[in-house]
Amino acid sequence: GLGIIKIPVHVNVLYSNSSQNVSDNQIQAQIDVLNTDFRNNNSNISMLPSGSTFVNDVTDTEIEFLFNASSDITRKSTSISAWSTNDDMKKSSRGGIDPTSPNTTLNIWICNISGGILGYAQFPGGPSSTDGVVILYSSLPGGSASPYNEGRTATHEVGHYLNLRHIWGDGRCRQDDFVADTPSAGGANYGCPSYPSVSCKTADMTMNYMDYTNDSCMYMFTDGQRNRMRALLATGQR
Ligand code: ARG
Ligand code: ZN
Ligand code: CA
C-alpha cells in the first residue's frame, strides 16, 4: 500500500476586515483538526456508542496534511466583503488569489461566503485552476459560526476534494454514496442526533464527517471512505 499519504497544503486568506483576516495560529489550529480527524486522533471519538456496529467501521485514513505557517499562507486585503460560490476567490483576475501548485497541493481559500454557506469543494477531475476547497472564515476552530466552529467544515470539504459524497448520497434511501459501509440515509441529519437515528432500514451514521451534523457531534470516517480516498490518491490525481 501507499502507507501514510502526505498532502501539502497552501492556505489563501481573503479579508475585508480584521476578523476575516484569521491569524496564523487559527489557521494552524485548523490544519491540526484536519490531521487529527483524518488520523482518527480526535478526542470526541469517545462519543461513539460502544454497542453500535459503527465501532467496526471507524478508521484512521492514514492521510496527513503538510503545512508550515511561515511559508504556506497567502493573504490579500480586498474590498469584496462576501464571496459567492462562483470560484471568484480562486482567480486573481476576479480579485481573488490564484492557487499555488494545485496539481500537487491542496489549496484552501478562507474567506467570507455569502448565503449562509459554510464551505464548498471541487470534486476530483475539475480544472486545476479552481482546484481545492473554500471555507468560511468563521468556521475555523474558535470562530463565531457556532455550532460549526470546530474546524470540521474543512474536514468535510477535504472529504469531498478526495472524492467522498454525502453519506445520504444526495438522494433518498436508495441513492448511493458509493461506499458500502456507510448505511443508506433518507437525507442529511442536523444537530446532534442520539443513536440510533433511523431514516431508512438501519441507523444513520449521523456522526460521519460527511453528514451535516454539528461539528461537536461528527467524529468518524469509515474503512470504505478511507479506501475510496486512497484509491483516488493511488491514481496520482492529487
Ligand atoms: N454544507 C457544506 C457542504 O455540504 C458544509 C457542511 C459542513 N458541516 C459541518 N458540520 N461543519 O459542503
Ligand atoms: Zn458537503
Ligand atoms: Ca453507503
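The values are calculated or read from the model by the stated rules, or taken from the named source; none is laboratory data. Keep in mind it's a predicted model, so treat the numbers as computed, not measured. Cβ coordinates were reconstructed from backbone atoms using ideal geometry, including for glycine residues, and neighbour counts include every protein chain displayed.
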Positions within the stretch 206-238 being of a type in the set (V, I, T) and crowded, with 17+ Cβ neighbours inside 10 Å, in sequence order | T206, T213, T222
In the list N149, N163, which residue meets the criterion of being more than 16 Å from ligand 3 (Cβ to nearest atom), modelled with pLDDT of 95 or more, polar (S, T, N, Q) and closer than 30 Å to S52 by Cβ?
-> N149
Which of the residues belonging to the stretch 170-204 are at positive phi and away from ligand 1 (no atom under 13 Å from the Cβ)?
-> F178
Scanning the stretch 109-133 residue by residue, the ones that are hydrophobic (A, V, I, L, M, F, W, C), within 15 Å of ligand 2 (Cβ to nearest atom) and out of contact with any Phe, Trp or Tyr (no Cβ under 8 Å at 6 or more places or on another chain) total 1
Quickly run through the stretch 37-83 and pick out the residues that are exposed (fewer than 15 other Cβ atoms within 10 Å of the Cβ), under 21 Å from I110 (Cβ atoms) and among the aliphatic types (A, V, I, L, M).
-> L66, A69, A82
Candidate set from the stretch 82-96 (those that are under 20 Å from the mean Cα position of the chain (by Cα) and part of a loop (DSSP other than H, G, I, E, B)); member that is farthest from G236 (Cα to Cα) = S84
Can you work out which of the residues in the stretch 169-219 that are without any contact (Cβ under 8 Å) to a residue 12 or more places away in the chain and over 22 Å from the mean Cα position of the chain (by Cα) is nearest to ligand 3 (Cβ to nearest atom)?
-> R174
In this structure, is T61 within 13 Å of N208 (Cβ to Cβ), touching a residue at least 60 places away in the same chain (Cβ under 8 Å) and outside any helix (DSSP H, G or I)?
-> yes
Scan the stretch 68-81 for residues that are part of a strand (DSSP E or B) and out of contact with any Leu (no Cβ under 9 Å at 6 or more places or on another chain) and jot them down.
-> I73, T74
